[in-house]
Amino acid sequence: MGSTSAENNGAVGTSGVGRRDLIKRSAALGLISVPAMSFLSACASSGGDSGGEKAKAGTKTAKNPLAVNDSAPMEFVLFDGGFGKEYAEDAVKIYEKDFPKAKVKFAATQKIQSTLQPRFNQGTPPDLIDNSGAEQMDMGVLASKNQLTDLTPLLDAPSYDDPAKKVRDTLRPGIVEMGQLDGSPVWILYYAYTVYGVWYSQKALDSLDEQYPETWDQMLAVCAKAKKKGMAGWTYAGKYPYYLPFSLYPMIGKVGGREVLDAIDNLEPNAWKHPAVKACFDAYYELQQKGYVLKGTPGLDHIQSQTAWAEGKALFIPNGSWVENESANVIPKDFDLAVSAPTGLDSSDKLPFGTIWASGGEPFIVPAKGKNAAGGMEQLRIMLSEASSKNFTGKVKSLTAYNGGTDGITLTPGLKSGVAALEKAGDNVVNPRIQDWYVQLQKEQIGVAGLGEMMAGRITPAEAIKKIQGFADAAAKDSSIKHYKHQ
């Protein structure tokens, strides 16, 4: 994204507002829902363009598979966050080149909801929106009110680069599914792609004469060796312990299989009591009990923990791929940043070593009442080309939903390591949805009250599981919460 603030490599960035105020990657992954504005405030706001006819369909051709009207105006509003706006402006130039008679109106703002909700209310939304940031509009509400265009025609259209391939066949794992709500049509296209896992300095690991540990016994041995040299094995964002799941959830999936994560996402009774959950909680608790977690970690925020880790006080940290950009000012030049899939337990794990969590960020939507939905989808088709994807990756150190786009780019160490981790994972990419389906449950209850208390040594794994299962059961019974299910 292009600013140095909040979400750098994965989502939000608002000048003057730290990532914590925006509560992490929430906005980018659809975690923050901002209530719809009141009718009065909506009416009092300016509505941009006033009404107007929808653009008539153009002629469908091989180069124009979505039948875009080549002279119809197209309006695109981007969230102005850490990814900046240059990548989108570059893609707009391609649209203008392809449709020279079309006038494109492009704008970037951090105030997505307060700018655009009035226009939705008046039936005059733009044609394409990057619905991200602290003022992200609630996607579930928009979909339930028939405000979003089904993106299936885009996914089934020929890709921009290769007419023999559909757009959907060029996307990374999980992108299409993430855009669905309740097995619905695809309402959302997540453009950025984040790799979650265990981040470390290859140089520090080499100094211990160790490889990245694949089993938990090996992990404990590496941490013991680090401790002898005055380095903690782990640190994490103690004040925001919902960072722990970035490595813990895929570990649970590796040990017990994807179905364990699906049951957790579905709020099924006793999902948290699965033996794989208990085994992984016990493993993490052992790090704490053996003194392998950096002293004082429960009191550190994300920046403080990342800084301590970058300074070599701890070897491993659970995080997402935005950490490379966000910590760029504290990571030494010779750090040799790397990410790995989480360590497993042993050879009895259901999935192989390399199983990793990776998923989309930056949700793009095409409003149903925009005048030129075909144009909005065509702009996305352009952005999902190899050239636009490369442009994004080269400029903002993040992957896109396009499965490729890294050839010929000099990748930063973290990005290079992330690409290698995805290649190693192959089909073993998991995407727990609980963090964007049930925000409060994930952050405050599972994170702070459960994992945070356990990793501070204040409760045992058994007590943490009992608490978390209770929270999940309460969420399942709460009729005020919208419930989702894996199909």
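The values are calculated or read from the model by the stated rules, or taken from the named source; none is laboratory data. Here the structure is a predicted model, which is why all the values come from computation and not from measurement. Positions of Cβ are backbone-derived with ideal geometry, glycine not excepted, and every protein chain shown enters the neighbour counts.
Scanning region 311-330 for residues that are of a type in the set (Gly, Ala, Ser), surrounded by 21 or more Cβ atoms within 10 Å (Cβ to Cβ) and within 21 Å of Ser398 (Cα to Cα) turns up Gly320, Ser321, Ser327. How about region 206-247: which of its residues are under 19 Å from Ala276 (Cβ atoms) and either in contact with a helix residue (DSSP H, G or I) (Cβ under 6 Å, 6 or more places away or on another chain) or modelled with pLDDT under 95 (or both)? Those that are under 19 Å from Ala276 (Cβ atoms) and either in contact with a helix residue (DSSP H, G or I) (Cβ under 6 Å, 6 or more places away or on another chain) or modelled with pLDDT under 95 (or both): Pro213, Trp216, Leu244. Any residue that is acidic (Asp, Glu) and over 24 Å from Asp436 (Cβ atoms) - is there at least one of those in region 344-357? Looking through region 344-357, at least one residue is acidic (Asp, Glu) and over 24 Å from Asp436 (Cβ atoms).
Cβ separations smaller than 6 Å between residues 6+ apart or across chains give the following pairs from region 79-97 residues that are of a type in the set (Ser, Thr, Tyr) to residues that are part of a helix (DSSP H, G or I): Tyr87/Asn391; Tyr87/Phe392; Tyr87/Lys395; Tyr95/Gln379; Tyr95/Ile382. Residues in region 299-317 that are β-branched (Val, Ile, Thr) and either in a helix (DSSP H, G or I) or farther than 18 Å from Gln288 by Cα (or both): Ile303, Thr307.
Yes or no: region 282-294 includes at least one residue that is small (Gly, Ala, Ser) and outside the structural domain of Asn131 (by TED's automatic domain parsing).
yes
If you go through region 98-134 and keep only what is among the aromatic types (Phe, Trp, Tyr) and touching an Asp or Glu at 6+ places or on another chain (Cβ under 7 Å), you end up with Phe99, Phe106.
Within region 331-379, if we keep just the residues that are among the acidic types (Asp, Glu) and surrounded by 24 or more Cβ atoms within 10 Å (Cβ to Cβ), the residue that is nearest to Phe281 (Cα to Cα) turns out to be Glu362.
Residues in region 259-277: is at least one touching a Ser or Thr at 6+ places or on another chain (Cβ under 7 Å) and modelled with pLDDT of 95 or more? No; the residues of region 259-277 include none that is touching a Ser or Thr at 6+ places or on another chain (Cβ under 7 Å) and modelled with pLDDT of 95 or more. Within the span defined as region 149-172, one or more residues are over 25 Å from Val68 (Cβ atoms), touching a residue at least 40 places away in the same chain (Cβ under 8 Å) and buried (at least 19 other Cβ atoms within 10 Å of the Cβ).
The lone criterion from (1) outside any helix (DSSP H, G or I); (2) among the acidic types (Asp, Glu); (3) farther than 28 Å from Asn131 by Cα left unmet by Glu362 is number (3).
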